[in-house]
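The values are calculated or read from the model by the stated rules, or taken from the named source; none is laboratory data. Quick caveat, the model's predicted, so the values are computed rather than measured. Please note: Cβ atoms are built from the backbone with ideal geometry, for glycine as well, and neighbour counts cover all protein chains shown. Quick note on the areas: whole protein, heavy atoms, side chains included, nothing else; ligands and nucleic acids left out. Shrake-Rupley method; radii C 1.70, N 1.55, O 1.52, S 1.80 Å.
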Amino acid sequence: MKPAAFEYVVADSVEMAVASLAQAGGDAKIIAGGQSLVPMLNFRLLRPSVLVDINRIPGLAHVREDGNVVRVGALTRHHQLETSPVIAAHFPVLREAMAHVAHLAIRNRGTIGGSLSHADPAAELPMMTLLLDAELRVVSAKGARTVAARDFFRDALSVDLAEDEIVTEVVLPKLPNTGWGFAEVARRSGDFALAAVAATLTLSDGKIARARVAMTGVAPTARRVTEAERLLIGQRLDDGVDSDVIEAVRAATEPPTDLHASSDYRRHLVGVLAGRALAGAWGRA
Ligand SMILES: Cc1cc2nc3c(=O)[nH]c(=O)nc-3n(C[C@H](O)[C@H](O)[C@H](O)COP(=O)(O)OP(=O)(O)OC[C@H]3O[C@@H](n4cnc5c(N)ncnc54)[C@H](O)[C@@H]3O)c2cc1C
């Protein structure tokens, strides 16, 4: 299939992009890496009358330290995140996750803004922004706002983004002296996750003082598992992860049954992966 006809606008500034979106009155789509949008156009699942290309807007593809945070431009490609020395230094868990996103050819084009805005239920980046308590900067012709990742993801392929808004930046608070772990299972290398879990642990006096656990592939959106995080406080994991923590992770899922795996299998798997991610985080912490 080929896409339905559309008008093609190459924006050279954020102002031009949001003005084009506003002018189209809800009938325009942003195109960034095109790795999710173009298949949807070709299958005619989407038929926007205007496509606003943001690839040539300068200043949207940075990974930059700024005091206690790292700022990532919305046009930053997945491969840039995977290879950035700033990400390696401050968020090794994110670097690890990026190696699991699709194939290199797709990582060379796909962008963080596109992945978050598309919000595939099995994508890694929504999970990672939840894990890292990220904030998204969102701009429209009416002004700018900041939205926490925890408020951004609403449902499968549905986010807190109006038709005339674009994501311009993702802000990641640094997380010093923290151990991390990541575990994923996919049918083949580069496939979307059947399930994945990312965790961080911060210790005080040899015990867990702060825990973060996030998962993807097992619910309509990526999720944090606050009950598991609460149970982990004050623990040591020398003898493994308690079964009540694993069960809290499983209880927070709503896994789909599809062509690739049953709901029961995914629920079992995510518990196993939580154990592995937390063991990794404990070892590093
Ligand atoms: C074969 C294949 C395998 C894949 N496997 C994985 C995987 O394992 N894990 C994974 O996470 N992803 C995977 N992907 C998806 C890939 O990561 C995409 O790059 C990503 O989901 C979308 O990013 P993009 O820049 O290509 O966005 P686009 O396709 O350009 O856009 C996607 C959507 O986001 C909107 N959008 C884009 N940028 C912005 C912005 N700045 N502000 C507002 N809206 C915006 C668009 O309008 C569109 O609705 C896979 C894709 C393919 C084709």
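Computed quantities for the displayed model
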| quantity | calculated |
| --- | --- |
| Search result, residues across the stretch 2-46 that are assigned to a loop (DSSP other than H, G, I, E, B), at negative phi and more than 13 Å from the ligand (Cβ to nearest atom) | 2, 4, 5, 12, 13 |
| Residue count, the stretch 165-191 (criterion: small (Gly, Ala, Ser) and assigned to a strand (DSSP E or B)) | 3 |
| Residues of the stretch 116-157 that turn out to be free of Cβ contacts under 8 Å to residues at least 40 places away in the same chain and over 20 Å from residue 266 (Cβ atoms), as a count | 15 |
| Residue among 130, 116 that alone is among the aliphatic types (A, V, I, L, M) and more than 19 Å from residue 57 (Cβ to Cβ) | 130 |
| Filter result (hydroxyl-bearing (Ser, Thr, Tyr) and buried (at least 18 other Cβ atoms within 10 Å of the Cβ)) within the stretch 211-242 | 216, 221 |
| Residue match in the stretch 166-177 (condition: away from the ligand (no atom under 16 Å from the Cβ) and either small (Gly, Ala, Ser) or out of contact with any strand residue (DSSP E or B) (no Cβ under 9 Å at 6 or more places or on another chain) (or both)) | no |
| Residue tally, condition open to solvent by less than 10 Å² (accessible area, probe 1.4 Å) and within 13 Å of the ligand (Cβ to nearest atom), over the stretch 125-146 | 7 |
| Of all residues in the stretch 243-256 being small (Gly, Ala, Ser) and open to solvent by less than 70 Å² (accessible area, probe 1.4 Å), the one that is nearest to residue 186 (Cα to Cα) | 252 |
| Exclusive hit being in contact with a strand residue (DSSP E or B) (Cβ under 9 Å, 6 or more places away or on another chain) and either open to solvent by 20 Å² or more (accessible area, probe 1.4 Å) or at pLDDT below 95 (or both), set 52, 38, 18 | 38 |
| Residue 162 vs. criteria assigned to a loop (DSSP other than H, G, I, E, B), touching a Ser or Thr at 6+ places or on another chain (Cβ under 9 Å), over 30 Å from residue 285 (Cα atoms) and more than 9 Å from the ligand (Cβ to nearest atom) | yes |
| Whichever residue in the stretch 208-229 is among the hydrophobic types (A, V, I, L, M, F, W, C) and assigned to a strand (DSSP E or B) and, among such residues, is farthest from residue 194 (Cα to Cα) | 209 |
| Subset of the stretch 257-285 that is in contact (Cβ under 8 Å) with a residue 24 or more places away in the chain and not in a helix (DSSP H, G or I) - its residue that is least open to solvent (accessible area, probe 1.4 Å) | 261 |
| Output for the stretch 71-113, where each listed residue is within 12 Å of the ligand (Cβ to nearest atom), open to solvent by less than 30 Å² (accessible area, probe 1.4 Å), touching a residue at least 60 places away in the same chain (Cβ under 8 Å) and of a type outside the set (Ser, Thr, Tyr) | 72, 73, 74, 97, 102, 110, 113 |
